[in-house]
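Asks: First the structure, which I've put down as structure tokens, then a few questions once you've had a look.
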Ligand SMILES: Nc1ncnc2c1ncn2[C@@H]1O[C@H](COP(=O)(O)OP(=O)(O)OP(=O)(O)O)[C@@H](O)[C@H]1O
Ligand SMILES: [Mg+2]
């Protein structure tokens, strides 16, 4: 089943067109890696899918689980199972990590017709996930991402993902800023989420991550379009040769 | 202009002592001479008192029509913060709702007008000494009419662990009478003594009314005083309040002014660090919407060396609400080694809400560390998106961020019952649908 279908997507910010006719189909159970030069539109794509309002979709469509995704508010997308692990997670002083995540989880559970969890039940679940991700429990009592190190922020994103159990996870450069051990641990967390009814799109610059989270497909996003798709071997080629050969290809299209 | 108020003056306040009668007369004269403040005065530029002068306020008592009876009142007041409390209804002491017993020997905690009779000497020595009425017309007005209120006396060396609560309820319900009350509190804290006082103004009146409140306070050498004021007056209320403090040597004083209610409210906090080594904290939070207007004026007067002060006032304004912050820090020539920090931060949630903020530093000494700043901002779009991207609805996400903005002021409240109650009140106000629960 197609979980996500992006057809000829154009999006701009201000007067700048960033996505210029992007096509991508993701089926349940698949892992897609998106690579591409800086500024090519990878984060833009992730944000547009998550519902960031300052990007304007000018044409094209996005069908998620058979529904028009672009009509949904960001919170509805989240409740329907979309999760974006941010490239730059936002610090929110004054909002407790634990309270925030429990509120989010309960919104999603309510939407799915499940019982809400009380503080104690939530804590049990949260502790279990933190253990898997080898995170310090004290992070739960701190404000969301406030004063977290770069790596802690990324790990916190994956922690949130593990608790919220999305159907479609968008991981935007979750590997950047992680040390070698953290990369392994975070990958374990991501792999634990892999399931036949779920899909993952991961944006990365490094083939290294794909050793841990082996993708079914690798795409290259350049200048607002997917210009090349292949299997995981494409990532090795990119690692060796960079993107220049592709841009020539694209120019010859 | 002020005649309407003057006519209310009762010539005979019973058999009160001569000194008090003199003060009353002289305060009345001062008010007659000064009149209500007007917008030509710098400190009143953004607050218009015309609506007050155009309303015919009347003093009301328990027998007046429309006054809510005490049984219902207890419910309306909600849970009390502290075990020991004095309750005033429409300006009158309500002994049946109060509980002033069970305090250590030497502590005096009672209704001001009773205390004038029972402790005349103590009162004569301090009443009006810390809130001078000669140049402040609203203090003069209060002084001319003062009657009920709290007298708190903490003897030398005594640290009172439990907070003392003062509750002022206005409870006129639709009888068409505009009530006025003049709460007056006097708090005298001896050397090395410690006390926490919580003042709450609660309005359950559907008619306009005016509260003209003055609290004066003196802290002895090495004393510790925490003062909290929570203003939750009725929707149509006018609240003109003033807290005036004199800190003695090494006195630690903190004030928290939380303004939630009222149609028009003005809150003055003035403290004089009158000897060496004083420490002052002024925190404030105003949360207003609709067409509320709130004006906070603070003054920290560093008169002596080695004083430290820190001030944080935060404002949240929505709809067409308007706010004013005017924070003055004075460092006198003698006040070397002063350290003073001041900050006013405002969160504006709508296009029509407005705030005028003016921090003023007047420094006449050279060896000092002072800084101040003011900001007016909006909710952070990235934070909002982050919360929504996790499933929180827009109103809840906004409520949570707004609450977060206020949280440092809330968290600085040391009285646990009060802190928790305030969190609940804020969550109810901020959460839109009331879905957020106190964290
Ligand atoms: N607010 C904005 N105004 C104008 N241009 C913007 C704005 N935000 C992003 N852009 C531009 O959009 C383009 C795509 O940015 P995007 O963040 O999607 O790139 P990316 O592929 O994720 O890059 P990276 O690999 O560096 O993370 C960039 O050229 C960026 O400068
Ligand atoms: Mg990016």
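The values are calculated or read from the model by the stated rules, or taken from the named source; none is laboratory data. Quick caveat: nothing in here was measured; it's all calculated off a predicted structure. All Cβ positions, glycine included, derive from the backbone under ideal geometry; neighbour counts span all protein chains shown.
Asks: What number of residues within segment A:1-37 satisfy the criterion of being within 16 Å of ligand 2 (Cβ to nearest atom) and free of Cβ contacts under 8 Å to residues at least 12 places away in the same chain?
Replies: 1
Asks: Still on this structure, I have one more. In contact with a helix residue (DSSP H, G or I) (Cβ under 7 Å, 6 or more places away or on another chain) and surrounded by 20 or more Cβ atoms within 10 Å (Cβ to Cβ): which single residue out of B:202, B:180, B:245, B:197 fits that description?
Replies: Details: B:180 fails: in contact with a helix residue (DSSP H, G or I) (Cβ under 7 Å, 6 or more places away or on another chain); B:245 fails: in contact with a helix residue (DSSP H, G or I) (Cβ under 7 Å, 6 or more places away or on another chain); B:197 fails: in contact with a helix residue (DSSP H, G or I) (Cβ under 7 Å, 6 or more places away or on another chain).
Selected residue: B:202, the only one of B:202, B:180, B:245, B:197 that is in contact with a helix residue (DSSP H, G or I) (Cβ under 7 Å, 6 or more places away or on another chain) and surrounded by 20 or more Cβ atoms within 10 Å (Cβ to Cβ).
Asks: Collect the residues in segment B:4-44 that are closer than 28 Å to residue B:297 by Cβ, modelled with pLDDT under 75 and assigned to a loop (DSSP other than H, G, I, E, B), keeping them in residue-number order.
Replies: Across segment B:4-44, the qualifying residues are B:8, B:9.
Asks: Filter segment A:44-81 for residues that are away from ligand 2 (no atom under 16 Å from the Cβ) and in contact with a helix residue (DSSP H, G or I) (Cβ under 6 Å, 6 or more places away or on another chain) and give the result.
Replies: Residues of segment A:44-81 that are away from ligand 2 (no atom under 16 Å from the Cβ), as a first pass: A:51, A:53, A:56-81.
Within segment A:44-81, A:51, A:57, A:62, A:74, A:75, A:79 qualify.
Asks: What single numbered condition from (1) within 23 Å of the chain's Cα centre (by Cα); (2) over 22 Å from residue B:411 (Cβ atoms); (3) assigned to a strand (DSSP E or B) fails to hold for residue B:291?
Replies: (3)
Asks: Within segment A:71-98, which residues are out of contact with any strand residue (DSSP E or B) (no Cβ under 7 Å at 6 or more places or on another chain) and under 13 Å from residue A:163 (Cβ atoms)?
Replies: A:78, A:98
Asks: If I filter segment B:147-168 down to residues being over 17 Å from the mean Cα position of the chain (by Cα) and outside any strand (DSSP E or B), which single residue comes out as modelled with the lowest pLDDT?
Replies: Taking segment B:147-168 first, the residues over 17 Å from the mean Cα position of the chain (by Cα) are B:147, B:153-162.
From the residues that got through so far, the ones that are outside any strand (DSSP E or B) too are B:147, B:155-158, B:160-162.
Numbers: B:147: 92, B:155: 98, B:156: 98, B:157: 98, B:158: 98, B:160: 98, B:161: 95, B:162: 95.
By that ranking, first place goes to B:147.
Asks: Being touching a residue at least 60 places away in the same chain (Cβ under 8 Å), in contact with a strand residue (DSSP E or B) (Cβ under 7 Å, 6 or more places away or on another chain) and more than 16 Å from ligand 2 (Cβ to nearest atom) is true for just one of A:231, A:172, A:216. Which residue is that?
Replies: Working: A:231 fails: touching a residue at least 60 places away in the same chain (Cβ under 8 Å); A:172 fails: more than 16 Å from ligand 2 (Cβ to nearest atom).
Exactly one residue qualifies, and that residue is A:216.
Asks: A further question follows. Taking only segment A:141-158 into account, find how many residues are more than 12 Å from every other protein chain (Cβ to nearest Cβ) and away from ligand 2 (no atom under 16 Å from the Cβ).
Replies: Of all residues in segment A:141-158, those more than 12 Å from every other protein chain (Cβ to nearest Cβ) come to A:142, A:147-152, A:154-155, A:158.
After this cut, where a residue has to be away from ligand 2 (no atom under 16 Å from the Cβ) as well, the list is A:142, A:147-149, A:151-152, A:155, A:158.
Number satisfying all stated conditions: 8.
Asks: Would you please name the residue that is surrounded by the most Cβ atoms within 10 Å (Cβ to Cβ), looking only at residues in segment A:26-44 that are more than 16 Å from ligand 1 (Cβ to nearest atom) and on the phi < 0 side of the Ramachandran plot? Outline the logic, then answer.
Replies: Initial filter on segment A:26-44 (more than 16 Å from ligand 1 (Cβ to nearest atom)): A:26-31.
From what is left, the residues that are on the phi < 0 side of the Ramachandran plot are A:26-28, A:30-31.
Numbers: A:26: 20, A:27: 14, A:28: 16, A:30: 18, A:31: 24.
My answer is A:31.
Asks: Please work out which one of (1) more than 16 Å from ligand 2 (Cβ to nearest atom); (2) out of contact with any helix residue (DSSP H, G or I) (no Cβ under 6 Å at 6 or more places or on another chain); (3) under 30 Å from residue A:5 (Cα atoms) is the condition residue A:111 fails and give its number.
Replies: (2)
Asks: If you don't mind, there's one more thing I want to ask. Quick check: is even one residue across segment A:129-138 more than 14 Å from every other protein chain (Cβ to nearest Cβ) and within 16 Å of ligand 2 (Cβ to nearest atom)? Walk me through it before giving the result.
Replies: Let us first name the residues in segment A:129-138 that are more than 14 Å from every other protein chain (Cβ to nearest Cβ), namely A:129-138.
Retained after the next criterion (residues that are within 16 Å of ligand 2 (Cβ to nearest atom)): none.
Scanning segment A:129-138, I find no residue that is more than 14 Å from every other protein chain (Cβ to nearest Cβ) and within 16 Å of ligand 2 (Cβ to nearest atom), so the answer is no.
Asks: Could I ask something else about it? So, of the residues in segment A:1-19 that are loosely packed, with under 15 Cβ neighbours inside 10 Å and more than 8 Å from ligand 1 (Cβ to nearest atom), which turns out to be farthest from the chain's Cα centre (by Cα)?
Replies: Keep residues of segment A:1-19 that are loosely packed, with under 15 Cβ neighbours inside 10 Å, which gives A:1-2, A:7-8, A:14-16.
Adding the requirement that they be more than 8 Å from ligand 1 (Cβ to nearest atom) leaves A:1-2, A:7-8, A:15.
Working: A:1: 20, A:2: 18, A:7: 19, A:8: 20, A:15: 26 Å.
Going through the qualifying residues, I end up with A:15.
Asks: So, one more: I'd like the full set of residues that are outside any loop (DSSP other than H, G, I, E, B) and free of Cβ contacts under 8 Å to residues at least 40 places away in the same chain, limited to segment B:118-139.
Replies: Matches in segment B:118-139: B:118, B:121, B:125.
Asks: Suppose the filter is facing chain B (nearest Cβ under 10 Å), at pLDDT 95 or above and within 16 Å of ligand 1 (Cβ to nearest atom); does residue A:84 pass it? Before you say what the answer is, go through the steps one by one.
Replies: Working: facing chain B (nearest Cβ under 10 Å): yes; at pLDDT 95 or above: yes; within 16 Å of ligand 1 (Cβ to nearest atom): yes.
It is true that residue A:84 is facing chain B (nearest Cβ under 10 Å), at pLDDT 95 or above and within 16 Å of ligand 1 (Cβ to nearest atom).
Asks: In segment A:87-99, how many are more than 16 Å from ligand 2 (Cβ to nearest atom) and within 7 Å of chain B (Cβ to nearest Cβ)?
Replies: Taking segment A:87-99 as the starting set, the residues that turn out to be more than 16 Å from ligand 2 (Cβ to nearest atom) are A:91-99.
Next, from what is left, pick out any that are within 7 Å of chain B (Cβ to nearest Cβ): A:92-96, A:99.
Residues in segment A:87-99 being more than 16 Å from ligand 2 (Cβ to nearest atom) and within 7 Å of chain B (Cβ to nearest Cβ): 6 in total.
Asks: Residues that are under 23 Å from residue A:118 (Cβ atoms) and more than 14 Å from chain A (Cβ to nearest Cβ): does segment B:408-416 have at least one?
Replies: Within segment B:408-416 (the criterion being under 23 Å from residue A:118 (Cβ atoms) and more than 14 Å from chain A (Cβ to nearest Cβ)), the answer is yes, since at least one residue qualifies.
Asks: Of (1) closer than 26 Å to residue A:204 by Cα; (2) facing chain B (nearest Cβ under 8 Å), residue A:30 satisfies all except one. Which?
Replies: (2)
Asks: So, restricting to helices (runs of 4 or more DSSP H) that lie completely within segment A:176-253, which ones have at least 1 residues that are within 16 Å of the chain's Cα centre (by Cα)?
Replies: Working: elements: A:180-193, A:207-212, A:233-241, A:244-251.
By residue number, A:180-193, A:207-212.
Asks: Could you list, in sequence order, the residues of segment A:45-60 that are away from ligand 1 (no atom under 11 Å from the Cβ) and more than 14 Å from chain B (Cβ to nearest Cβ)? Can you show your working first?
Replies: Going residue by residue through segment A:45-60, those that are away from ligand 1 (no atom under 11 Å from the Cβ) are A:49-51, A:53, A:56-60.
Those that are away from ligand 1 (no atom under 11 Å from the Cβ) and more than 14 Å from chain B (Cβ to nearest Cβ): A:56, A:57, A:58, A:59, A:60.
Asks: How many of the residues in segment A:210-223 are touching a helix residue (DSSP H, G or I) at 6+ places or on another chain (Cβ under 7 Å) and away from ligand 1 (no atom under 12 Å from the Cβ)? Write out each step before concluding.
Replies: We begin by selecting, within segment A:210-223, every residue touching a helix residue (DSSP H, G or I) at 6+ places or on another chain (Cβ under 7 Å); these are A:210, A:212-213, A:218, A:220-222.
When the remaining residues are screened for being away from ligand 1 (no atom under 12 Å from the Cβ), the result is A:210, A:212-213, A:218.
So the count comes out to 4.
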